[in-house]
Amino acid sequence: MQMILIFLFSLPVLLAHNYNLDQSATTTISALISVSLLIYCVSALLINLKRGSIRNILGLATLSALAIYFYAQFLSYYLQGSYFNQQFFFHSNFTTLIETWSVYYPLIILFLGWTTCICLVFLYFRNRVSGSEYSNELLVLLLVSALVLDPGIRDAVKVKTSLMTSPSIESLEQIDWEQLGLDRNALENFDIATGVGKNLVLVFLEGLETVYMEESIFPGLTPNLNALNAQGWQLNNLNQIEGTGWTMGGIVATLCGTPLVYESSLGGNSIMFTRFLDKATCLPDILRQADYQQVFMGGASLEFAGKGDFLKLHSFDQVLGKAELRRELPDSSYLGGWGLFDDSLFALALQQYQRMAAAEKPFNLTLLTVDTHHPGGEPSSSCSPYAEIDNSILHAVHCTDYLIGNFIEQLKQHPAYEDTVVVMVSDHLALRNNAFSLFPKGYERRLYFNVLNSDQLASSQVLATPMDLAPTILEMLDITHDASFLVGIDLLNAEGQHSERNMDDPRRENIIRYLNSNHLSTAENEVHYSLNRANWGEIDFVNNIENVEFTQNGVKFNVDGHDPYFILPELPNFQQKDFRLYITIDVEQASAMALYYLTDEDKAYSESNKLTRETETGSNQLVFSLNRRAGQGRLRIDPGSNPGQYFIRSLEIRS
């Protein structure tokens, strides 16, 4: 039994280290010795137990738990080429499983079949083998040795020890902001003054890095991007650092000027579904202050990795993903495993660009491609394959190159292009994919960044990270603003700054974790009011609101008349702190939500004491900044004047 179990458990370990980007014979041998010792000791200890249902249950539970660990380890190496890390746990949730089922279901079926074999082996042999000749004490000692030999566990312990031994931060005053290259003003972006600039088209290219554009490595793979490089402004030394190595990490870092790192106490696999970084001032937040229209379009589901929640929280008027865009397709069945193909995305994006340009307001159209998603890519059917090498990732890169080249050529035909800056950027370096073996050993991998239609000409060799992109893009848009970013700097005006920044300083990273988690995110004790069952009775539905139905943390109602509104209960004195009201609301027709407040000078719900936010059909995430405007009193909320059902999914007042 033990030899069969060792063989079965060794399979995912061998496969995992085959996909390890830092392949080492020593590491592989250590891992195999570790799993062999571990399974031998566990199975021997189980056999030494008294026969019966308790041993059966304990044996099946233990072997199943070990199966989950070793298979998860294999998945981590298969998907990203490394052991468990923040990136892996970030995606480890039920939503990810549902959204990626069509792509990865064979791996799940394989796991179920493999685990079933392990359990059947145990059930068949459990009463057919004699007990171990070694004492239980020796077996436990060998088991501990097995854990020590596991390379992944050793590295994880080192990282955890480093975090635990880092000096605790008790005050912002003990942070050496200048030496660490951090901007304390980013914690105090309450009132942002802005001026209008150029339009923005921002395209995140899934895992598309500079190596694909090297003609000496992949001749003719990206002719369109190479041609656009000759027309634009590039960063030739754009580096990926901790917290930026996956899609949401890259998006957060690029838009918000801080990496997606956080304290482990906040959780991990559901972090973007919480209030994480809700206090950070990001690129779209600044553009909103300048009255920009803002639309995000991506082919994948908005539920994946909390992307939709995060983008709605940060001022996008519309956030459109697979479910929303699929309805616009001529053939709604034309979908890949990750969602819309890139040819569909760019076709719909062109239509969106034309609509936004016609509105005669400045706009931000942000896109996220998906065809080049690892490990194999899924090129659109409208593309020709890459002729030089038969490789699915390279076919997908070649296809996306063609599609973005065609998209930008069409943008250039529109009159609004003269006042539009186009930014193309990697969301992250390519994760482990089937083209990795073609990458030259020792090649210095860099993120791609190219800006079209800016006033900048010469490309820059300045040391840069994704956190520097938001302030740099704002400068290229000619936006005047007084916002600050925690980590990012404007690379166009960074003389003398970049050389002082130590990107890999662990002390710096730990401080960023602390600031992201405790100063740029809302803690539970900063929520001063939340709509839930406990305070339903305190809300007065005063006028033209019918069929009120409370849910766990929200409320549904119908509006059928003029001037509907409701009044919240007595709340804290808003003049003592900076408060914001966060509302997530679904509406059937586009309208506007109004918030009325009272002041010491004006005790009426007057037009002078009113804040308004536009709402679009569907889900809306709105933020009202009270900023010491309101005195102590009750807030009045007018959800919208159009008839229909309204659903407030959440309502919170935070400081």
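Bear in mind these aren't lab numbers, they're just calculated from the coordinates by the rules spelled out. Since we're looking at a predicted model, the values are computed, not measured. Cβ atoms come from the backbone with ideal geometry, glycine included; neighbour counts cover every protein chain shown.
So the values come out like this:
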| read-out | value |
| --- | --- |
| Ranking of F218, F550 by count of other Cβ atoms within 10 Å, fewest first | F550, F218 |
| Ordering of 115-121, 340-346, 181-187, 32-38 by packing [mean C-beta count within 10 Å, highest first] | 340-346, 32-38, 181-187, 115-121 |
| For a label point 7 Å along the Cα-to-beta-carbon line of L112, residues of segment 70-102 with backbone N under 18 Å | 71-72, 94-102 |
| Three-way shape label, segment 260-417, alpha-carbon gyration tensor, a/c 1.5 | oblate |
| Anchor K50: aspartates and glutamates whose Cα lies under 20 Å away (excluding residues fewer than 8 positions away in-chain) | E133, E137 |
| Around L58: net Lys/Arg minus Asp/Glu count, Cβ-Cβ under 14 Å | +4 |
| Additional length obtainable on full extension of the chain from S53 to N502, 0.36 nm per residue less Cα span | 155.8 nm |
| DSSP H segments from the chain that extend 15 Å or more along their own axis, Cα-based, with Kyte-Doolittle mean of 1.6 or above | 2-18, 25-48, 101-125, 136-149 |
| Neighbour count of at most 11 Cβ within 10 Å plus DSSP loop: longest GluC sites (Glu not before Pro)-free window in the chain | 216-359 |
| Estimated 222 nm signal from helices in the chain, with DSSP H stretches of n ≥ 4 weighted -39500 (n - 2.57), rounded to 500 | -11500 deg cm²/dmol |
| Mean separation of Cα contacts under 8 Å, 6 or more apart, over the residue count of the chain: relative contact order % | 16 percent |
| Within-15-Å neighbourhood charge of T615 [Cβ basis; K, R +1; D, E -1] | -2 |
| Q413/S459 FRET efficiency (R0 25 Å; Cβ-Cβ; nearest 0.05) | 0.45 |
| Rough spin-label spacing in nm, given labels placed 7 Å along Cα→Cβ, for S168 and E601 | 4.6 nm |
| Under 29 Å from the Cα of K279 - lysines, other chains or at least 8 residues apart | K160, K198, K307, K312, K322, K361, K556, K577, K610 |
| Signed unit charges on C-beta, dipole axis of the chain, positive-most listed residue L107, G377, S82 | L107 |
| Cα-derived Rg over Rh, computed across segment 142-249 with Rh taken as Kirkwood radius | 1.11 |
| Charge dipole magnitude, Cβ of K and R +1, D and E -1 - the chain, Cα centre, debye nearest 20 | 2560 debye |
| For segment 2-165: rounded, prolate or oblate by the Cα gyration tensor [a/c cutoff 1.5] | oblate |
| Fewest-first ranking of V196, V397, V252, using other Cβ atoms within 10 Å as the exposure measure | V196, V252, V397 |
| Pairs of alpha carbons in segment 197-521 whose separation is greater than 27 Å (percent) | 40 percent |
| Cysteines, the chain, no other Cys beta-carbon under 4.7 Å | C41, C117, C119 |
| Reach of K441 by Cα under 19 Å, taken over lysines that are not fewer than 8 positions away in the same chain | none |
